[in-house]
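The values are calculated or read from the model by the stated rules, or taken from the named source; none is laboratory data. None of the values given here were measured: they were computed from a predicted structure. Cβ placement follows ideal geometry from the backbone for every residue including glycine, while neighbour counts extend to all protein chains displayed.
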Amino acid sequence: MRYVIFISIVCCSCFSLTSVSAQDPHFSQFFASPLTINPAFTGKFDGNYRIASNHRNQWPTINNAFITTTGSFDAKLLQKSLNENDSWGIGFTGYSDNHANGALKFNYASFSTAYHKGVDEDNNTQIGFGFQITQANMLVNTNQIKFEDQLTNAGFTGITTELFSAPSLTANYTTVNAGLLLNGTIGEQNNYYIGLSMYHLNRPKQSFLGANYSVSPRFTVHGGGYFYMGTNATLHVSAIHQMQGGTQETIMGGALQISSDPENDRAPSIYIGSWMRLKDAIIPYVGIEFNDFRIGATYDINNSLLKTASQKMGGIEFSLIYTRRPRTDKPIICPKF
């Protein structure tokens with residue numbers, strides 16, 4: 001009976017964690033994981049191809065509570081064949097979300113494509129549409145499951161009376177995602193964007209031990225831009241609001257970029273700023289950019305009711321983005337944060 005109750009709790013936790021703690025696996029540096037936010041970001045960058053990676057350890061005071069890692073690659077295609085104001089890109093994303101020291105694991109693999117259409121002769125404004133398909137896998141590692149009758153004075157060393165038919169239990173589903181992106185320029189050095197996306201359009205069913213669960217759609221609206229402040233400083237701002245399964249989260253903030261040489265777009269720069277997850281955490285950010293690399297780090301400082309358990313430590317996160325940019329091309333103003 002306890003086995004049945006446990007599995008029921010695990011199944012419910014799978015979907016509540018997806019919507020409550022992450023609304024699907026998420027990052028504080030959402031701007032550094034573009035293909036998990038909006039498929040329309042695919043191919044929307046200044047360069048030929050882009051590689052992005054994020055790693056997050058949420059609530060580090062609780063041993064391996066939630067560890068999320070992602071990596072993506074996207075590239076532009078047929079650049080010489082399309083209209084000079086248009087662009088087309090494809091991308092691939094893989095990410096994992098591990099809960100409770102590996103007792104529960106989610107793995108995702110995605111393919112995305114997007115087309116960006118210029119709407120004026122000067123290419124000051126583009127509208128993009130993106131499509132993505134994702135294969136998801138959930139795994140429960142029964143070897144990591146502990147029951148009360150295993151607890152002895154030496155720890156969980158006893159033998160449980162519960163019997164598991166397999167060392168692991170798995171479930172899979174395929175989901176479809178889509179998004180829109182409006183990107184524009186103001187002058188020669190300023191950019192703005194706004195996007196909409198919907199994940200799990202097909203409301204996939206996930207079967208687990210004979211029970212079926214629907215994955216709730218995730219709706220996202222996001223926007224931002226950067227604005228030249230004079231001398232060697234540029235202000236970057238961004239915000240995102242996500243809703244899924246009756247829950248929601250909002251993150252907003254910005255960072256100031258200080259360049260060592262404003263005349264050289266590859267000169268080393270530093271970023272200092274902060275974002276805020278409303279009613280949850282303050283997220284200081286520091287970053288460095290050089291050549292085609294940008295590295296960022298954040299540390300969530302929890303200020304919600306969870307601060308007692310988390311000791312105000314929401315999570316540490318690192319990001320790395322490499323964008324291959326030809327040195328002979330004129331820079332293209334695209335979303336950055």
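Would you call ILE251 crowded, with 17+ Cβ neighbours inside 10 Å and either under 30 Å from MET198 (Cα atoms) or out of contact with any Leu (no Cβ under 6 Å at 6 or more places or on another chain) (or both)? Quick ask: steps written out before the conclusion?
Numbers: crowded, with 17+ Cβ neighbours inside 10 Å: yes; either under 30 Å from MET198 (Cα atoms) or out of contact with any Leu (no Cβ under 6 Å at 6 or more places or on another chain) (or both): yes.
Criteria met by ILE251.
Please state which one of PHE92, PHE131 is surrounded by fewer than 16 Cβ atoms within 10 Å (Cβ to Cβ), part of a strand (DSSP E or B), among the hydrophobic types (A, V, I, L, M, F, W, C) and at pLDDT 85 or above.
Details: PHE131 fails: surrounded by fewer than 16 Cβ atoms within 10 Å (Cβ to Cβ).
Going through PHE92, PHE131 in turn, just one is surrounded by fewer than 16 Cβ atoms within 10 Å (Cβ to Cβ), part of a strand (DSSP E or B), among the hydrophobic types (A, V, I, L, M, F, W, C) and at pLDDT 85 or above: PHE92.
So, in the stretch 269-282, exactly how many residues are closer than 14 Å to GLU249 by Cα and within 19 Å of the chain's Cα centre (by Cα)? Walk me through it before giving the result.
In the first step, residues of the stretch 269-282 are kept if they are closer than 14 Å to GLU249 by Cα; the result is 275-282.
Imposing the further condition that a residue be within 19 Å of the chain's Cα centre (by Cα) reduces the set to 275-278, 280-282.
Number of matching residues: 7.
Take the residues in the stretch 103-117 that are modelled with pLDDT under 90 and more than 13 Å from THR69 (Cβ to Cβ); name whichever of them is surrounded by the fewest Cβ atoms within 10 Å (Cβ to Cβ).
ALA103
Which numbered condition trips up GLY273, out of (1) in contact (Cβ under 8 Å) with a residue 60 or more places away in the chain; (2) buried (at least 17 other Cβ atoms within 10 Å of the Cβ); (3) not in a loop (DSSP other than H, G, I, E, B)?
Of the numbered conditions (1) in contact (Cβ under 8 Å) with a residue 60 or more places away in the chain; (2) buried (at least 17 other Cβ atoms within 10 Å of the Cβ); (3) not in a loop (DSSP other than H, G, I, E, B), the odd one out for GLY273 is (1).
Keeping to the stretch 25-48, report how many residues are in a helix (DSSP H, G or I) and closer than 15 Å to THR113 by Cβ. Spell out how you get there, then give the answer.
Within the stretch 25-48, the subset in a helix (DSSP H, G or I) is 30-32, 34-36, 39-41.
Okay, now just the ones that are also closer than 15 Å to THR113 by Cβ, so 34-35, 39-41.
Qualifying residue count for the region: 5.
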